[in-house]
Amino acid sequence: MNQTDPLTLALTGQMPFILIAAAILALPVSFILLWLYRRAVIKSMLRSSAEGMQLKPGSTDLNKQATRLKVKIVEARQAAPCASTCADFLSKLQFYCWKNALIYAKAGTAFTSVMTAAVLLSGTSDFFLIRTILVFWVYAWPIVLTLNLLAATARKQLVFTSGGYFAVFIVLIVLAQLTGNDSSSSQIIQLWAITNLPPTVLILAFLARPVRAVGPMVLSFMIIALTGSVIAMLVVGSSDEAMRIISAAAFDLGLQASGTFMLILIMGFMLFAIIGWLVVRLIRKGYQSGKLTDQSMTVDAMWILFAVVQSTGLVFEGAGWILSGVFAFIAYKIVIKHGFKVLSLKTEAQNTRLLLLRVFSLGKRSEQLFNAITKHWRSVGSVQLISGPDLATTTVEPHEFIDFLSGKLSRQFIASQQQLDQRLSGLDTPQDFDGRYRVNDFFCFDNTWEAVLSQLVSSTNAVVMDLRGFSSSQSGCIRELYELVNVAPLHRVVLVVDNTTDLAFLRQLLQQSWQNIHRESPNFKTDNAEILLFTLSDLAAATLANLLSWLSRAATTK
């Protein structure tokens with residue numbers, strides 16, 4: 001086909017331009033919006049509610065001063081002794097995320113099969129087994145990204161999946177050369193780079209934790225808005241009358257040729273930005289109704305990007321081949337829907353709730369532990385946490401982000417007992433279609449978080465508190481620990497520590513909390529109470545597995 005054909009130029013030139021420009025604009029915009037969101041959350045957290053919420057006073061017993069709370073410290077290499085119930089629970093924690101990822105991998109295989117067929121059918125090459133497998137393997141790279149995103153939690157797992165892919169790729173290149181393939185090794189590597197490198201760079205940028213929560217939404221908005229700019233240029237450029245009207249309006253505004261060009265781009269951008277905003281609101285609605293999840297939005301966005309890039313490369317063989325990406329994505333979604341429908345028949349309906357507390361000043365370390373735990377825990381139950389500056393941008397949900405953009409973030413904050421009761425009754429507790437539970441973050445004012453914490457502790461199955469970096473200066477954590485000892489059955493609590501934790505002060509604080517325990521506490525009649533401190537040395541796979549074993553024991557022990 002003649003490469004100067006307007007349709008071919010539009011598909012191979014303007015479409016990639018829109019994607020690249022949208023990504024370039026969306027990345028800094030996402031950073032800025034999330035920075036403003038985090039700033040707004042912190043500002044509201046420091047305010048006090050007009051109504052406020054008070055903890056119910058409890059009565060203490062001086063006889064408790066005669067007993068001591070046993071503090072048990074376990075090392076990272078030590079796994080919990082698990083009974084059968086605990087072992088079953090732990091097995092779900094450890095393996096469900098891989099089962100979940102494998103369904104997406106099967107869907108990716110369907111996608112890749114369609115694209116492989118399109119590549120072979122659109123060209124003039126004969127079908128050979130090694131060539132077919134090699135083309136399939138080149139186009140299968142997004143499957144590796146999917147597995148790493150959904151299931152890998154340790155560096156060794158990332159190296160294993162990525163290294164395994166490239167090891168097979170090298171073997172296939174060698175076999176292709178030995179069997180007389182008409183493409184050289186450098187040409188095959190070049191094909192891989194052209195097909196996979198640009199979308200991989202874009203995806204890795206938008207999967208970075210600082211922007212992952214809102215990146216797909218902002219990117220969708222930018223693609224639609226920039227499409228408006230391109231269409232505006234095409235419409236004005238193809239109509240002499242439209243060009244005269246725009247030029248006259250620009251002249252009245254004192255604009256030169258470059259200014260007129262920018263005016264056309266801005267007009268198209270603003271017009272389609274309205275459509276983009278409606279799409280973002282549809283994403284919010286889909287998320288709240290359960291048709292979309294944070295996982296599905298992120299993974300689908302990745303496969304859509306690869307569909308566009310990979311099918312665009314086939315357009316020079318005929319404009320109709322752009323539809324190969326559409327059909328490939330449809331095949332992907334069919335397998336996703338069927339896969340999770342079958343899986344849901346084998347998944348027990350349960351919700352083992354985990355409350356996650358932490359030292360807010362940990363920052364990135366807190367975020368890494370949160371990601372590692374929740375990637376596994378959300379297969380068995382929901383995760384509750386009080387929103388703070390460390391995880392505010394990590395756990396932001398579409399409706400919360402849109403409320404922020406609409407100037408209505410304050411309605412997410414709990415100001416009274418009535419609002420807390422409504423929030424608890426309206427929690428996202430059912431499983432999503434992908435078998436995962438959601439993270440429920442609670443936004444609290446300065447004078448409401450303690451009462452919220454008290455009710456969250458008493459309504460969860462297990463509590464993990466990240467006390468790395470804890471010292472006597474963390475007054476909020478001190479109050480949280482007092483509340484934990486009073487409200488949570490201690491066998492359900494796991495405290496995470498390391499060499500940055502002031503263990504001497506922590507021991508002293510726990511003993512003081514124990515001696516001032518309320519009569520209404522579930523721990524009041526326990527004379528040989530014990531609280532667990534897990535020493536977290538790193539986030540290697542073995543360490544995380546041991547931590548999950550102690551959390552499983554905490555959640556399943558009666």
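The values are calculated or read from the model by the stated rules, or taken from the named source; none is laboratory data. Everything numeric here is computed off the predicted structure, so don't read it as measured data. Every residue, glycine as well, gets a Cβ built from its backbone with ideal geometry; the counts of neighbours run over all protein chains shown.
Data table
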item	result
Sole exception among (1) closer than 19 Å to residue 414 by Cα; (2) without any contact (Cβ under 8 Å) to a residue 12 or more places away in the chain; (3) of a type outside the set (Phe, Trp, Tyr) for residue 499, by number	(1)
Test: residue in the range 219-228 that is within 23 Å of residue 144 (Cα to Cα) and either in contact with an Asp or Glu (Cβ under 8 Å, 6 or more places away or on another chain) or crowded, with 20+ Cβ neighbours inside 10 Å (or both)	yes
Residues (assigned to a helix (DSSP H, G or I) and farther than 20 Å from residue 382 by Cα) located in the range 447-472	450, 451
Pick from the range 145-198, criterion of a type in the set (A, V, I, L, M, F, W, C) and in a loop (DSSP other than H, G, I, E, B), ranking: surrounded by the fewest Cβ atoms within 10 Å (Cβ to Cβ)	154
The range 60-86: number of residues that are at pLDDT 70 or above, loosely packed, with under 15 Cβ neighbours inside 10 Å and not polar (S, T, N, Q)	8
Residue within the range 344-353 that is within 28 Å of residue 156 (Cα to Cα) and either modelled with pLDDT under 75 or assigned to a loop (DSSP other than H, G, I, E, B) (or both) present	no
Contacts under 9 angstrom Cβ, first residue in the range 409-428 being part of a loop (DSSP other than H, G, I, E, B), partner of a type in the set (Phe, Trp, Tyr) and exposed (fewer than 12 other Cβ atoms within 10 Å of the Cβ), 6 or more apart	none
Candidate set: the range 510-540, residues that are part of a loop (DSSP other than H, G, I, E, B) and closer than 19 Å to residue 480 by Cβ; chosen: the one nearest to the chain's Cα centre (by Cα)	536
Residue check, residue 482 crowded, with 21+ Cβ neighbours inside 10 Å, of a type in the set (Ser, Thr, Tyr) and either assigned to a helix (DSSP H, G or I) or touching a residue at least 60 places away in the same chain (Cβ under 8 Å) (or both)	no
Residues satisfying the stated conditions in the range 446-466, i.e. in contact with a Lys or Arg (Cβ under 9 Å, 6 or more places away or on another chain) and farther than 19 Å from residue 478 by Cβ	459, 460, 461, 462
All positions within the range 290-314 that are under 20 Å from residue 197 (Cβ atoms) and among the acidic types (Asp, Glu)	none
Among residues of the range 488-509, those that are outside any loop (DSSP other than H, G, I, E, B), surrounded by fewer than 21 Cβ atoms within 10 Å (Cβ to Cβ) and not β-branched (Val, Ile, Thr), counted	7
Test: residue in the range 209-222 that is touching a Pro at 6+ places or on another chain (Cβ under 8 Å), closer than 27 Å to residue 35 by Cβ and of a type outside the set (Val, Ile, Thr)	yes
Output for the range 236-258, where each listed residue is surrounded by 13 or more Cβ atoms within 10 Å (Cβ to Cβ) and either farther than 26 Å from residue 21 by Cα or out of contact with any Gly (no Cβ under 8 Å at 6 or more places or on another chain) (or both)	236, 242, 246, 247, 249, 255
